[in-house]
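None of the figures in this text is laboratory data; all of them are computed from the coordinates on show. All values reported here derive from a predicted model rather than from experimental measurement. Using ideal geometry, Cβ is built from the backbone for each residue, glycine included, and neighbour counts are taken over all protein chains shown.
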Amino acid sequence: MESPAIERLKPEDFLRLIEKSRLGKLKIYLGHAAGVGKTYAMLEEAHRLKSAGVDVVVGWIESHGRKETEALIGDLEIIPRKKVPHGDTTVEILDVPKILERRPTVCVVDELPFSNIGGSSNPKRYLDVQELLLAGINVITAMNIQHLESLHDTVLRATGVDVRERVPDRFVLEADHVVNVDLTAEELRERLRMGKIYPANRALAALENFFTENNLNELRELALRETANALDQRPRAGTKSPTDVSEKIAVCISTNPVTTARLLRSTSRLAGRLNREWMAVYVRRKKEDPLRIPSDLQRQFIQNVQLATELGGSVTVLESEDVCAALLKYCHENDVHLVVLGTSERKWWQFMRPDVLEFFMHHAPGIDIHIVDPNN
């Protein structure tokens, strides 16, 4: 069911949004686990829109064998999936060209975090959805909170699950409408016991592993918080947009692929809570020249640069042998009033050079420091 405290726009409000722009509007049903009712809610809305005379099609729906969900598809028009060869078998993918050719007013696309397999024009389904939006097609989609990029480390710590398929925060935050589909942990576990989510042979294992009461409560809280966060960032009359806020946040990054990724996610979440623009700053010394460092390290650094942009930040690379001075100068010149730094365990010989954290604590009055332990 939809949480009344979070769901603030009715379907007819979403319909009015559709009429305001030539670009497609995006509505995301956000849940915290399989079985909360995201797909069911999408199909119900599709029927409401169709009844109102809107041209609606289904591009992709995953019923997972649930009879009540399959029955709800009813007479909705379905765009056939595209079949492509993959090794010794054939796989199905969202047929983006067919949807673009059909040009409906609204297209329902389930499983937003899905990674496409060969034969698709885009590696990720959220990029398929983006292509539809750019063509002026409105999209209703769904995802679970654990697939949000900036929450990867948080979810891993809380549940022990390493979620591989992830959606950039900016994609969710830029959605026109985010709806939280909510169920209590006990209600969800009861649905699981009744065989409404997985077959009986999978239900018991699920109850003992991912669908524990603790895991579900953790994820539910994250889903509620993120939906509220998305709503809080919507522009309101008489208020400044995020780009109007002059004070910015900078995070100091390195070539360490693991700690840098965690720092970027932490900074993205902090910037979202404070409604600030943020940037990742890397000060490259001569010994870290791309031609001097190992190719795998350089490749991982480039991946983190891409991650920063996907999380909504920008990236600046400075050239200097004095890391501390270069960072401080950058902050002064770019209205940075909050710096995110990671803790580090230095070897004894590294104490011969200045530590960035110590330097900013003593030489950067007016700049706040947010310390993150990237190892936790």
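Brief remarks on what is shown
- Translational D in µm²/s for the stretch 179-219 (Stokes-Einstein at 10 °C, 1.306 mPa s, Kirkwood Rh from C-alpha pairs): 153
- In nm, spacing of pseudo-spin labels at R202 and E190 (7 Å Cα→C-beta vector): 2.3
- Ordering of 182-195, 31-44, 71-84, 269-282 by burial proxy (mean other Cβ atoms within 10 Å per residue, highest first): 31-44, 269-282, 182-195, 71-84
- Shape class for the stretch 242-372: oblate, because the ratio a/c of the largest to smallest gyration tensor axis (alpha-carbon atoms, square roots of eigenvalues) is 1.5 or more and b/c is at least a/b.
- Near E213, once Lys and Arg are set to +1 and Asp and Glu to -1 for all other residues with Cβ below 15 Å from its Cβ, the sum equals -2.
- Model label points for Q306 and I117, set 7 angstrom from Cα along the Cα-to-Cβ axis, are 2.1 nm apart.
- Oblate is the label for the stretch 43-91, because the ratio a/c of its alpha-carbon gyration tensor axes (a ≥ b ≥ c) is 1.5 or higher and a/b is not greater than b/c.
- Highest-first packing order for the peptide set 101-108, 333-340 is 101-108, 333-340, based on the mean count of other beta carbon atoms within 10 Å.
- Separation of the L274 and V258 label points, Cα + 7 Å toward Cβ, nm: 2.8
- Charging the Cβ of each Asp and Glu at -1 and of each Lys and Arg at +1, and nothing else, the dipole of the stretch 242-372 about its Cα centre rounds to 440 debye.
- Look at the dipole of the stretch 11-232 built from charges on Cβ: of A206, T90, H32, the Cα furthest out on the positive end belongs to T90.
- In plain terms, the chain from D322 to K83 could stretch by 80.5 nm, reckoned as 0.36 nm per residue minus the Cα-Cα distance.
- Under a model in which nothing but the beta-carbon of Lys, Arg (+1) and Asp, Glu (-1) is charged, the stretch 11-232 shows a dipole of about 420 debye around its Cα centre.
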